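Enquirer: I am attaching a structure below and will ask some questions about it afterwards.
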Amino acid sequence: MSTPLKIRVEAAAAQLLYALPLPVRRLIAGRPIRLDGQELALDAQLLLRLQQLSGASLVAGSVAASRAELDLGRHLVSGKPIQPVHTAEVTIPAEHGDVPATLYTPEGLPTGSGLLVFFHGGGWVVGTRQSHDNTARFLAKHADVRVLSVEYRLAPEHPFPAATEDALAAFDHAHAKATDLGADPERIAVGGDSAGGNLAAVVAQLATRRGGPAPAFQLLIYPAVDATVRRRSRELFGNGFFLTDEHMTWFLDHYAPEGVRRADPRLSPLLAEDLGGLPPAYIATAGFDPLRDEGEAYARRLAEAGVPVALSRQSDLIHGYVNFLGVGRRFVEATAEAAGALRVGLSGIS
């Protein structure tokens, strides 16, 4: 489906806006925002200003409307498809039926490379492989790995633990068919952003605890890891910074409705009793993000359990930054750090 003219015009306007001289961008964005000892990056503040002016929102009433809004909105901020990266459709067999996925391979990457099994964000309710297409392309190209992006089932049609089941099936398939995918079965990472970071953390736990094949590395980008506690960052940044407190409640109520035990480690991996023996992890948080504190709490628990973990707070950014690669430079810088961590995390494994 072609991009609507209105969206193409708005995307071009956003590009022009970010190309304006610094003083003009600051004038449009408004005075610097400082909170909790942090200053919001101008690129992020300008994006929030554009969101405010356009009336766009991560949640737009109904589930169907929210999905449609995200599908259109991605054209404004994700940028042109990163090339040269080749794509191929992959079908993952699962107990309930096939799970679609896309394999991203940077041009010239030899066989036997590392592989990232990637789970997109979107609160387990919205988001698709397409919404995170350029994120997957970026990670593949800049980490020199193949990326298998998974179209797991979404709530409310498929509530918890459907997404977790699909995510684990995707990792198992990637390991079993690594040679067919051009990857090294000993160099398979799991990763994702937000809800996708939740799924990656859960898969790492489940695969490790059962014995047998387990991920070699975890790439957790502003992950949701505890559905039971409202931490300080949710109070500080719960309104006006893209992902809101209201959005988080809406997502969780769809994914884990009444009757679901939200302390289940398959939903709240931070609450697992034992985190020892898990694969090394890179955890990125955003300073102005309601999920910041729980992601950092997870990093601390991993470290206390003896798991090698690198925690990186992008103190000047907002939730969702790996999807904003087409505007400004600060989002690209932060995502490049994640790609570098993935490259390093898989490079020393033989």
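Enquirer: Apply 1/(1 + (r/R0)^6) to the Cβ-Cβ distance of GLU337 and ASP180, taking R0 = 30 Å, and write down the FRET efficiency to the nearest 0.05.
Expert: Details: r = 31 Å, r/R0 = 1.04.
Efficiency for this residue pair is about 0.45.
Enquirer: If Rh is defined by the Kirkwood formula over all Cα pairs and Rg also comes from Cα, what ratio Rg/Rh do you get for region 219-350? The partial results should precede the final answer.
Expert: Working: Rg = 15.3 Å, Rh = 15.6 Å.
Result: Rg/Rh = 0.98.
Enquirer: Would you calculate the volume per residue, in Å³, of the smallest convex hull containing every Cα atom of the chain?
Expert: Numbers: hull volume 46.1 nm³, N = 350.
Looking at the chain, the number lands at 132 Å³ per residue.
Enquirer: Given a 1.4 angstrom probe, what's the average accessible area per residue across the chain, in square angstrom? It would help to have the intermediate numbers written out before the result.
Expert: Working: 14340 Å² over 350 residues.
Per-residue value: 41 Å².
Enquirer: Something else about it: With all distinct Cα pairs included, what does the Kirkwood hydrodynamic radius of region 5-73 come out to in Å, to one decimal, could you say? Write down the numbers at each step before the final one.
Expert: Values: mean 1/r = 0.0738 Å⁻¹.
One decimal place: 13.6 Å for the Kirkwood radius.
Enquirer: Express in nm, to one decimal, how much length is gained between HIS158 and SER54 on full extension, taking 0.36 nm for each residue of separation and deducting their alpha carbon distance. Don't skip to the end; give the middle numbers.
Expert: Working: separation 104, 0.36 × 104 = 37.44 nm, distance 3.14 nm.
34.3 nm is the gain from fully extending HIS158 to SER54.
Enquirer: Sticking with this structure for a sec: Given the -39500 (n - 2.57) contribution per DSSP H run of 4+ residues, what per-residue ellipticity at 222 nm results for the chain, rounded to the nearest 500 deg cm²/dmol? Mind showing how you got there, number by number?
Expert: Values: 12 runs with 143 residues, N = 350.
Result for the chain: -12500 deg cm²/dmol, rounded to the nearest 500.
Enquirer: Using a Cα-Cα cut-off of under 17 Å, which lysines could be cross-linked to LYS141, ignoring same-chain neighbours fewer than 8 residues away?
Expert: Qualifying lysines at Cα under 17 Å: LYS80.
Enquirer: Of the accessible area of region 93-175, with the probe set at 1.4 angstrom, what percent is carbon plus sulfur?
Expert: Numbers: 1280 of 2480 Å².
C and S atoms contribute 52 percent here.
Enquirer: Next up: Can you list the HN-Hα couplings for region 328-334, worked out from phi with the Karplus curve (6.51, -1.76, 1.60; θ = phi - 60°), rounded to whole Hz and with x for Gly and Pro?
Expert: Taking θ as phi minus 60°, the curve returns x, 10, 5, 5, 5, 4, 5 Hz for region 328-334.
Enquirer: Moving on. Would you please put 74-80, 313-319, 245-251 in order of how densely packed they are, using the mean number of other Cβ atoms within 10 angstrom per residue and starting with the highest? Could you put the intermediate results ahead of the total?
Expert: On the way: 74-80: 19.6, 313-319: 23.1, 245-251: 17.3.
Output ranking for 74-80, 313-319, 245-251: 313-319, 74-80, 245-251.
Enquirer: If I compute solvent accessible area with a 1.4 Å probe over the protein chains, what percent of it on region 5-73 is carbon and sulfur?
Expert: In region 5-73, the share of accessible area belonging to carbon and sulfur is 65 percent.
Enquirer: What distance in nm lies between label points placed 7 Å from Cα along the C-beta direction at HIS75 and ALA303?
Expert: 4.4
Enquirer: So, one more: Taking H placed 1.01 Å from N in the peptide plane, check which residues at least 5 places from GLN314 or on another chain put their amide H under 5 Å from its amide H.
Expert: THR285, ALA286, GLY287
Enquirer: Follow-up. Give a residue-ordered list of calculated ³J(HN,Hα) values for region 18-30 (Karplus: 6.51 cos²θ - 1.76 cosθ + 1.60, θ = phi - 60°; whole Hz; x for Gly, Pro).
Expert: For region 18-30, the Karplus-derived couplings read 6, 8, 5, x, 3, x, 6, 4, 5, 4, 5, 6, x Hz, x marking Gly and Pro.
Enquirer: Quick check on packing: order 106-116, 324-334 by the mean number of other C-beta atoms within 10 Å, highest mean leading.
Expert: Values: 106-116: 17.1, 324-334: 20.0.
Result, highest mean Cβ count within 10 Å first: 324-334, 106-116.
Enquirer: Here's another thing I want to ask about it. For region 223-328, which whole-number percentage of the solvent-accessible area (1.4 Å probe, protein heavy atoms only) is attributable to carbon and sulfur atoms?
Expert: Numbers: 1870 of 3920 Å².
In region 223-328, the share of accessible area belonging to carbon and sulfur is 48 percent.
Enquirer: Residues with amide H under 5 Å of VAL99's amide H, sequence separation 5 or more or different chain, H placed in the peptide plane at 1.01 Å from N; which?
Expert: ILE92, ALA94
The values are calculated or read from the model by the stated rules, or taken from the named source; none is laboratory data. Here the structure is a predicted model, which means the values were calculated and not measured. When we count neighbours, we look across all protein chains shown, and the Cβ atoms used for this are built from the backbone with ideal geometry, even at glycine. The protein model used for the area step is the full one, side chains on, heavy atoms only, and it has no ligands, DNA or RNA in it. Shrake-Rupley method; radii C 1.70, N 1.55, O 1.52, S 1.80 Å.
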